[in-house]
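I have a structure I would like to understand better, so I am pasting it below and will then ask my questions one at a time.
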Amino acid sequence: MAIYYVNPAIGSNSNTGTSEDAPFASFWAVENLKLQPGDSVLLAAGSVFNDQLDLKYSGTVNAPITIGSYGVGDAPVIHSPGDGIHSLYASNIVIENIKISDTGGAAIYGGYVSNWTINNVEVDHTGLAGKAGSITIRTGSNITIENSTINDVNGDGIWIEKINGVTLLNNTVTNAHGTAADAVQLNDSKNIVISGNYFDQTGAVTPKGVLTLIRPVDAVIEGNTIVGGGFGISAQAGTNIAIHDNDISGYGGYSWSYAIGLGDSGDTRNYDISGNYIHDGVWGVSVSAAGTTTYVREGIDIYGNLFDDLTQAALKVDRPASGSFHDNFIASDVTPYSISPSIIAAGTFPVSDNTTIEEGGVTLASADSLVATDASISLMSDNGLTSHDGLKLSLDKTASDKAGAHHDTPVGENGVSDGTLLLRHFGAAALEKHGSTLGNGDHGLTIEAADLAGPENDNGISHHETAPQPLHHPPADGPIVSILQDSMLH
């Protein structure tokens with residue numbers, strides 16, 4: 001296991017490269033080596049390389065090949081008229097502690113690769129030759145990108161395709177430019193964990209969206225901050241997808257813009273969408289499609305989310321789907337849902353036990369429950385909210401196993417105890433905006449069934465909460481809602 005040093009300021013390609021006093025001068029010398037498992041190529045701090053680094057050889061799981069840095073000072077920088085780092089068929093690679101900027105092509109390109117870790121890498125201003133400047137990984141397995149910063153990229157910030165095992169952890173991706181550009185796009189990949197990242201497209205030139213997953217399988221998207229773009233999370237045509245505890249805001253620009261969208265591009269099965277703070281955008285969760293295709297959309301469970309400052313409904317369902325929308329918190333100025341009349345009539349996507357938060361006072365009103373009869377569809381409060389034994393407010397076991405320990409929350413721990421529901425995951429911003437005054441109320445609205453008939457793509461029924469009315473049942477029948485703030489339970 002050899003260590004090779006590269007320093008263009010003092011090096012020579014005729015050196016052995018195995019000491020800091022006799023380093024190589026350029027990547028040319030490195031590329032003429034037959035790197036072995038466990039070897040490291042270290043670039044001098046503060047140095048600049050105006051060439052593409054080609055990785056041709058593989059390490060092993062226990063002895064990867066490492067590209068890193070040495071010395072004191074700024075991270076070494078790779079500029080290149082092509083890609084920054086380019087590799088085909090190389091596995092067990094670690095790339096860390098370097099900067100890649102002003103490249104003509106991709107910052108890092110890996111094709112048919114496995115067991116790569118990209119850690120503490122800064123990418124800035126790449127794709128200058130009109131090519132995508134992304135970190136691009138195509139076809140392979142076990143790719144981890146962590147603690148890295150990606151900014152001002154032409155095209156997607158991260159592009160991953162056909163990878164089994166993707167982990168994106170604690171990265172910052174900002175300003176991926178282009179009409180088809182997302183901060184992150186994953187295509188046809190599975191066993192995905194995206195956690196603790198900050199994705200922001202507010203400064204991007206004509207961006208498409210923020211986080212796109214096309215046909216994902218077994219994915220956990222948790223604890224991320226997602227800002228701007230035409231949409232927040234597009235997770236179309238997936239299977240077994242958990243979207244938990246994200247802060248999604250600032251998306252818009254289109255009439256269809258959504259925080260979380262699914263139901264297009266193929267079948268959609270088993271989505272758990274919970275604990276997200278969705279605010280300052282257009283639609284909340286959208287189960288929809290561009291056409292009237294007969295995709296399967298089933299097992300969509302949406303609960304425990306907070307919706308605030310949306311110009312459209314918290315929930316949109318305008319294509320055939322099965323699931324539920326329950327135990328969410330919805331600001332009083334947000335329309336709770338817009339559901340196609342045919343779906344309401346079919347009763348496949350019930351709405352129940354949601355709570356209205358009144359603007360200016362966190363007045364919590366019991367929400368409407370959807371009840372279908374032969375004569376009418378009634379939107380009415382549920383007077384039986386005396387127990388929350390069935391309420392799920394934490395990650396399911398599968399998601400927990402993937403994502404590890406649950407993130408700390410600024411409001412309180414998850415859980416339901418003795419009929420008390422503990423609000424969580426909404427952070428100080430929600431409390432600061434709304435205050436901490438609690439109250440209750442319920443109301444009802446009845447719509448004749450004759451008004452609900454129509455094809456699946458008819459206009460949906462948009463329901464908005466009315467002002468809270470006096471209680472129609474004793475206070476003991478309602479839920480007890482508590483907020484933990486400043487170590488005091490209110």
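The values are calculated or read from the model by the stated rules, or taken from the named source; none is laboratory data. Predicted, not measured: the structure shown is a model, and the values here were computed from it. Using ideal geometry, Cβ is built from the backbone for each residue, glycine included, and neighbour counts are taken over all protein chains shown. All accessible areas refer to the heavy atoms of the entire protein, side chains included, with ligands and DNA or RNA removed. Shrake-Rupley method; radii C 1.70, N 1.55, O 1.52, S 1.80 Å.
Please label the shape of the range 147-207 as rounded, prolate or oblate, based on the square roots a ≥ b ≥ c of the eigenvalues of the alpha-carbon gyration tensor (a/c under 1.5 means rounded; beyond that, a/b larger than b/c means prolate, else oblate).
Oblate shape, in that a/c is at least 1.5 and b/c is the bigger or equal ratio.
For residue 179 paired with residue 2, estimate the spin-label separation in nm (one decimal), with each label point 7 Å from Cα along the Cα-to-Cβ line.
Placing both labels 7 Å along Cα→Cβ, they lie 5.1 nm apart.
Work out the FRET efficiency for residue 89 and residue 120 from their Cβ-Cβ distance, taking R0 = 30 Å, and round it to the nearest 0.05. Kindly include the intermediate steps, with their values, before the conclusion.
Working: r = 25 Å, r/R0 = 0.84.
It comes out at approximately 0.75.
Rounded to the nearest 0.05, what FRET efficiency is calculated for residue 10 and residue 60 with R0 set to 35 Å and r the Cβ-Cβ distance? Mind dumping the intermediate values first?
Values: r = 32 Å, r/R0 = 0.93.
Efficiency, from the Cβ-Cβ distance: 0.60.
Taking a 1.4 Å probe, which of 116, 256, 159, 283 shows the most accessible area, and what order do the others take after it?
256, 159, 283, 116
For the range 26-68, which semi-axes, largest first and in whole Å, follow from the square roots of 5 times the eigenvalues of its Cα gyration tensor?
So the equivalent ellipsoid measures 20, 12, 7 Å along its semi-axes.
Take the cross-link list 99/190; 99/316; 99/208 and give me the ones stretching past 32 Å between alpha-carbons.
Working: 99/190 29 Å; 99/316 42 Å; 99/208 26 Å.
99/316, as the Cα separations exceed 32 Å there.
Residue-wise, which Karplus ³J(HN,Hα) couplings in Hz belong to the range 41-57, taking 6.51 cos²θ - 1.76 cosθ + 1.60, θ = phi - 60°, and x for glycine or proline?
Result, ordered by residue: 10, 10, 9, 5, 4, x, 7, 10, 10, 9, 7, 8, 9, 9, 9, 10, 10 Hz.
Mean projection of the alpha-carbon convex hull of the range 229-359 over all orientations, in nm²?
Seen from a random direction, the Cα hull of the range 229-359 projects 6.9 nm² on average.
How compact and how long is the range 1-148, expressed as Rg and Dmax of its alpha-carbon atoms in Å?
According to the Cα coordinates of the range 1-148, Rg and Dmax are 14.1, 40 Å.
Residue separation times 0.36 nm, minus the C-alpha to C-alpha distance between residue 280 and residue 72: what's the value?
Result: 70.5 nm gained on full extension.
What number results when the radius of gyration of the range 7-81, computed over Cα atoms, is divided by 2.2 N^0.38 Å?
Here the answer is 1.07, to two decimals.
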